[in-house]
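Worksheet for the structure shown next.
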Amino acid sequence: MRIHYYINVGIILMFSVHSAAQDTDFHPTDTVKMHSATVKARRPGTLQLRGAQNGTLITREELFKAACCNLGESFVTNPSVDVNYADATTGAQQIKLLGLSGTYVQMLTEAMPNFRGAALPYGLSYVPGSWMQSIQVSKGSASVKNGHESMTGQINIEYLKPDDTEGLLVNAYGNSKSRAEVNTVSNIHLNSKLCAEILGHAEKGFGHHDENHDTFLDQPRTTQWNLQNRWKFHQGNYLMHAGIALLGEERDGGQRVHATHLHDEPYLTFIRTHRYEAYMKHAVITNPEHGTNVALTTSASIHKQNAAYGKRFYHVNEKSLYAQLMMETQPSSEHQLSAGLSLIHDDLGQRYLLSPTSSNEPFRDHERETEAGAYGQYTLSLSTFTSMMGLRVDHSSLHQTFLTPRVHLKWNPTPIFTLRASAGEGRRTPHPLAEHQSLLSSGRSIDLQTVTTERAWNYGASATLSIPLHRQLLKLGAEYYYTRFRRQLVVDYDADPSSIILHPLHGKSYSHTVQAEASYPILKGLQLMAAYRWHDVRSTYGNQLLSRPLTSHSKGLLTASFKTPLGLWQADATLTLHGGGRMPQPRVDTGGSPLWSSRFHSFEQLSAQVTRWYRHFSVYVGGENLTGKTQKQLIIAADRPWSADFEPTMVWGPVHGATFYTGIRINLGKL
């Protein structure tokens, strides 16, 4: 009944005001007005980054093709980025890029490093989709401007700006899994120089869904509130951005307390998070003719979290400070120089219990690191060739002094053909428990070994071709990336069936990724995109070079987007085919039978959405995982949650069955 309720509400909203909005012109199109004609062209949802780096810009047009409730749900139509659940009890999501986990992707918010350390496991849910203006996804070694931590790429989130059109935007959403949320964006132009913005988000999960009847909730009941206050001041050659952010979240998961056939106390998870952020940017343009400017960026965050996973717990208080002073100039159209100084300080205080037995005392420790760095970057731009070369030098209070070189090349011999190549090194300090909290939900023992740093070289090459075909452009693309680790934190399920070992790499570890894609508007208003990606990700587990477990070896993606000539109706559909992969070495039960298979099989997912655009609002109805494919055994030994066999981290496929949703986006105009 709940599913039909959401669908009916969406359909009624769509058609009830249809006749009153036939003359609407409020929809995401570019409009050029002339004396007697209006020419409208549909903006593309994704754009190729223009510089030497290989990457894409995901616009709001693309984000609106799906519900996109938060950052973790924003990559449904993207062939490069995968988002998977880390376990079946906490709802933690993780990004995968080039076949490797999100720890190797540098997360940025408006070019500032963010969601690091303890914020990484749940950070994808901290950015509401309605707040985002765009997402920039760059692959391979990134620019040295933002630090040395990028190994497989960068994801930079741009929020809606305070100086955007004055008014109030509201998005309300509800789905068949009893999740509801409201997002708001309000902009006020106080005068010609000063603008203010308030971003609001409230989310609530209701009900106790257990589709596979294993007594465990399919998703935790989540309550979140999220606020940001942002300011922009502009006078002459001086520009200032500043803002503060507050977030509170509660996640309650585990077994249903009132399940009738529980023979022991229920296994429960509790996660309580409070996060505080502040930032300030100052920029002075000293020579507008040559684009010479000096900028100072500072940010700070406090992340407090208390979490319980059954009888284990993990409490953390993380403080981070970041500052960067940079100068850029372009003495001519062919040459551009960037240089800067940076400082970053992390203070990670932890208190945790790894053993579920009450006789053990909890551990307490502090991880502190301060890094001071400097970088220089030179870009040469010729008519058909661009090169960007950068070098960083950083001194860490833990790892001494090190260099980070990176280079990007771009060659476009003709306007329709472009080649890119890149190479560079990345380094990062891992925080094993903070970044892999979901492992605490396992019944196995956890063996933490010292890993001081991770290092990897990334090499990549890509080609794009735009072929004029029947007055349209057929866009083709192909790319290859190779990542080779010199040092790495390995999460090892295979060496010992009774424990999860987090240890330094002893042997080889690498990733090969090949991707090809094509897009073409086959009919007026109908855009198709097809992509295929293949991975070979291997690491050394228990002295054996094995494929990375729980990682699909391939992915196919087919998207279709149709918009009517006047832009009143839009329909979008995405079909994803996930290849199979290796499971960790199976553990056997007391009878000698394996608790799970050695491999998982391929599966497909389908999502679709229909949107009706009106002058000042739009209504959308859609569904996710419409094929209903789910992983049958999400939790190993779900009937024995306090045993060593209990394992909820073996997640390789969909956790939820078909989900239906409806929502409304409202633009109330000037306040």
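The values are calculated or read from the model by the stated rules, or taken from the named source; none is laboratory data. What you see is a predicted model, and the numbers here were worked out from it, not measured in a lab. When we count neighbours, we look across all protein chains shown, and the Cβ atoms used for this are built from the backbone with ideal geometry, even at glycine.
Those strands (runs of 3 or more DSSP E) of the stretch 265-379 in which at least 2 residues are under 26 Å from the mean Cα position of the chain (by Cα) and of a type in the set (Lys, Arg), considering only elements entirely within it, cover 268-287. For the stretch 392-421, the set of residues classified as farther than 16 Å from Ser462 by Cβ and among the aromatic types (Phe, Trp, Tyr) consists of Phe402 only. Here Thr223 fulfils each of the conditions (1) touching a His at 6+ places or on another chain (Cβ under 6 Å); (2) in a strand (DSSP E or B); (3) under 25 Å from Tyr661 (Cα atoms) apart from (1). Meeting the requirement of 1 or more residues that are within 30 Å of Arg587 (Cα to Cα), the strands (runs of 3 or more DSSP E) wholly within the stretch 404-469 are 445-448, 454-469. Would you confirm, using the coordinates I've provided, whether Ala259 is modelled with pLDDT of 95 or more and among the aliphatic types (A, V, I, L, M)? No. Of the residues in the stretch 399-422, not one is more than 27 Å from the chain's Cα centre (by Cα), more than 21 Å from Gly140 (Cα to Cα) and surrounded by 17 or more Cβ atoms within 10 Å (Cβ to Cβ). If we scan the stretch 120-133, do we find a residue that is more than 29 Å from Asn212 (Cα to Cα), surrounded by 24 or more Cβ atoms within 10 Å (Cβ to Cβ) and hydroxyl-bearing (Ser, Thr, Tyr)? Checked the stretch 120-133: at least one residue is more than 29 Å from Asn212 (Cα to Cα), surrounded by 24 or more Cβ atoms within 10 Å (Cβ to Cβ) and hydroxyl-bearing (Ser, Thr, Tyr). Residues that are closer than 29 Å to Pro356 by Cβ and charged (D, E, K, R) were ranked within the stretch 266-317; the one that is modelled with the lowest pLDDT is Lys311. Yes or no: the stretch 492-507 includes at least one residue that is of a type in the set (Phe, Trp, Tyr), part of a strand (DSSP E or B) and buried (at least 16 other Cβ atoms within 10 Å of the Cβ). Scanning the stretch 492-507, I find no residue that is of a type in the set (Phe, Trp, Tyr), part of a strand (DSSP E or B) and buried (at least 16 other Cβ atoms within 10 Å of the Cβ), so the answer is no.
Quick check on the stretch 564-584. Is at least one of its residues hydroxyl-bearing (Ser, Thr, Tyr) and either touching a residue at least 40 places away in the same chain (Cβ under 8 Å) or buried (at least 20 other Cβ atoms within 10 Å of the Cβ) (or both)? Yes: one or more hits. Filtered by the rule that a residue be within 19 Å of the chain's Cα centre (by Cα) and either of a type in the set (S, T, N, Q) or in a strand (DSSP E or B) (or both), the stretch 144-170 gives Asn146, Ser150, Thr152, Gly153, Gln154, Ile155, Asn156, Ile157, Glu158, Tyr159. Figure legend. Inter-residue proximity from the stretch 535-563: first residues within 19 Å of Asn78 (Cβ to Cβ) and of a type in the set (Lys, Arg), second residues modelled with pLDDT of 95 or more and in a loop (DSSP other than H, G, I, E, B), beta-carbon distance below 8 Å, spacing 6+ or different chains. Indicated pairs: Lys555/Gly579.
If the condition is being free of Cβ contacts under 8 Å to residues at least 40 places away in the same chain, part of a loop (DSSP other than H, G, I, E, B) and of a type in the set (Gly, Ala, Ser), then the stretch 177-196 contributes only Ser192. Of the residues making up the stretch 428-435, none is modelled with pLDDT of 95 or more and within 26 Å of Arg50 (Cα to Cα). For the stretch 508-532, a residue qualifies if it is under 17 Å from Pro430 (Cβ atoms) and surrounded by fewer than 19 Cβ atoms within 10 Å (Cβ to Cβ), but none of them does. Total residues in the stretch 438-460 satisfying the condition of being more than 15 Å from Tyr493 (Cα to Cα) and buried (at least 18 other Cβ atoms within 10 Å of the Cβ): the figure is 6.
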